[in-house]
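Asks: Handing you a structure now.
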Amino acid sequence: MLTPIKDYPAILFSNQGQKILLIADLHLGWEMGLSKKGIHVPSQMPKLRDRVVRLVSKIHPDKLLILGDVKHTITKTELGEWRDVPQFFSDLVEHIRDIQIIRGNHDGNLEPLLPPAIPVHPASGIAFGELGVFHGHTWPSKKLLKCRTLLMAHVHPTVTLFDSFGFRMMAPVWVKARIDAGELSKIYGQKQAKPWTGDKKLKKRSLGPKVCQLFVMPCFNHFLGGRPINKLSTGRKYISPLLRSKAIDLDSADVSLLDGSFLGKVDQLRTLAQ
Ligand SMILES: [Mn+2]
């Protein structure tokens with residue numbers, strides 16, 4: 001069962017008595033890039049760490065899974081990240097021992113900054129029972145198609161609304177979209193399974209893709225802003241092959257704020273983004 005944590009960009013997955021807390025897109029060291037432009041702000045790592053610690057003390061998960069982009073620079077490592085990333089994790093393991101990471105596109109050379117006990121899984125993801133998790137800048141691994149639900153990060157979904165007084169609001173959101181398993185199977189060159197009708201011979205054939213829904217999770221680093229899911233005109237189209245594909249019906253996807261308020265479908269919200 002997947003339960004978004006109210007007022008946090010975090011979600012809890014309960015699987016066979018195990019509680020897995022999922023967060024994504026920490027982008028530690030993001031503010032260091034600003035100093036090159038002459039804008040100096042102190043490291044935001046302590047605030048992000050304290051927010052994760054608060055969350056862990058509230059939820060008491062068995063495992064913390066970070067869905068990629070732990071740090072901000074892509075392949076090299078900034079001096080400040082050499083300080084902040086190890087400090088972040090050495091403080092965090094005091095509160096939760098089982099931490100695992102799925103590699104994001106910003107996580108090149110991440111391992112030297114981590115305690116050795118923290119594994120880094122490939123960006124194409126891993127499965128926990130009915131839930132498949134991956135970062136989102138690449139396709140999920142084929143074995144994730146066996147999971148009913150996929151969860152990705154990477155696009156930092158937000159919604160933007162513009163009113164007649166000229167005020168523009170932007171807020172991080174959860175996006176829940178339907179996945180067309182047939183289309184996805186085509187993309188993977190995989191035969192779509194026939195539904196199981198009870199016949200034992202057919203049962204085997206029903207072990208094909210059963211993936212049917214996708215959750216896109218908001219960015220944990222609240223300094224970063226994001227990409228309005230209801231505004232396509234600015235910037236490139238979605239920076240995720242799965243979201244660009246026909247397998248996802250983004251127009252009819254549900255959009256909700258972090259406090260749980262349902263805002264509407266993506267296509268309805270597009271009319272308010274101008
Ligand atoms: Mn990313």
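Asks: Within the stretch 101-123, track down each residue that is in contact with a helix residue (DSSP H, G or I) (Cβ under 8 Å, 6 or more places away or on another chain) and free of Cβ contacts under 8 Å to residues at least 24 places away in the same chain.
Replies: Taking the stretch 101-123 as the starting set, the residues that turn out to be in contact with a helix residue (DSSP H, G or I) (Cβ under 8 Å, 6 or more places away or on another chain) are 110, 113-115, 118, 120.
Once the filter is applied, which keeps residues that are in contact with a helix residue (DSSP H, G or I) (Cβ under 8 Å, 6 or more places away or on another chain) and free of Cβ contacts under 8 Å to residues at least 24 places away in the same chain, the stretch 101-123 yields only Val120.
Asks: Just the residues that are at pLDDT 90 or above, hydrophobic (A, V, I, L, M, F, W, C) and part of a loop (DSSP other than H, G, I, E, B), please, taken from the stretch 224-261.
Replies: Hits for the stretch 224-261 are Ile229, Ala247, Leu258.
Asks: How many residues are touching a helix residue (DSSP H, G or I) at 6+ places or on another chain (Cβ under 6 Å) and either under 30 Å from Ser14 (Cβ atoms) or open to solvent by 20 Å² or more (accessible area, probe 1.4 Å) (or both) if we restrict to the stretch 53-91? Lay out the reasoning, then the answer.
Replies: Of the residues in the stretch 53-91, the ones touching a helix residue (DSSP H, G or I) at 6+ places or on another chain (Cβ under 6 Å) are 71-72, 78, 80, 84-86, 88, 91.
After this cut, where a residue has to be either under 30 Å from Ser14 (Cβ atoms) or open to solvent by 20 Å² or more (accessible area, probe 1.4 Å) (or both) as well, the list is 71-72, 78, 85-86, 88, 91.
Residues flagged as touching a helix residue (DSSP H, G or I) at 6+ places or on another chain (Cβ under 6 Å) and either under 30 Å from Ser14 (Cβ atoms) or open to solvent by 20 Å² or more (accessible area, probe 1.4 Å) (or both) within the stretch 53-91 amount to 7.
Asks: Taking the stated definitions as given, is Leu272 more than 16 Å from the ligand (Cβ to nearest atom) and either under 18 Å from Ala153 (Cβ atoms) or modelled with pLDDT under 95 (or both)? Walk me through it before giving the result.
Replies: Numbers: more than 16 Å from the ligand (Cβ to nearest atom): yes; either under 18 Å from Ala153 (Cβ atoms) or modelled with pLDDT under 95 (or both): yes.
So Leu272 fits the description; yes.
Asks: Residue check: is Thr138 out of contact with any Cys (no Cβ under 8 Å at 6 or more places or on another chain), touching a residue at least 40 places away in the same chain (Cβ under 8 Å) and within 16 Å of the ligand (Cβ to nearest atom)?
Replies: Details: out of contact with any Cys (no Cβ under 8 Å at 6 or more places or on another chain): yes; touching a residue at least 40 places away in the same chain (Cβ under 8 Å): yes; within 16 Å of the ligand (Cβ to nearest atom): yes.
Against the criterion (out of contact with any Cys (no Cβ under 8 Å at 6 or more places or on another chain), touching a residue at least 40 places away in the same chain (Cβ under 8 Å) and within 16 Å of the ligand (Cβ to nearest atom)), Thr138 qualifies.
Asks: Are any residues in the stretch 151-170 more than 16 Å from the ligand (Cβ to nearest atom) and touching a strand residue (DSSP E or B) at 6+ places or on another chain (Cβ under 6 Å), and if so, which ones?
Replies: Hits for the stretch 151-170 are Val159, Thr160, Leu161, Phe162, Arg168, Met169, Met170.
The values are calculated or read from the model by the stated rules, or taken from the named source; none is laboratory data. None of the values given here were measured: they were computed from a predicted structure. FYI the Cβ positions are ideal-geometry reconstructions off the backbone, even for glycines, and counts take in every protein chain you see. Protein only, heavy atoms only, side chains kept; ligands, DNA and RNA dropped before computing areas. Shrake-Rupley method; radii C 1.70, N 1.55, O 1.52, S 1.80 Å.
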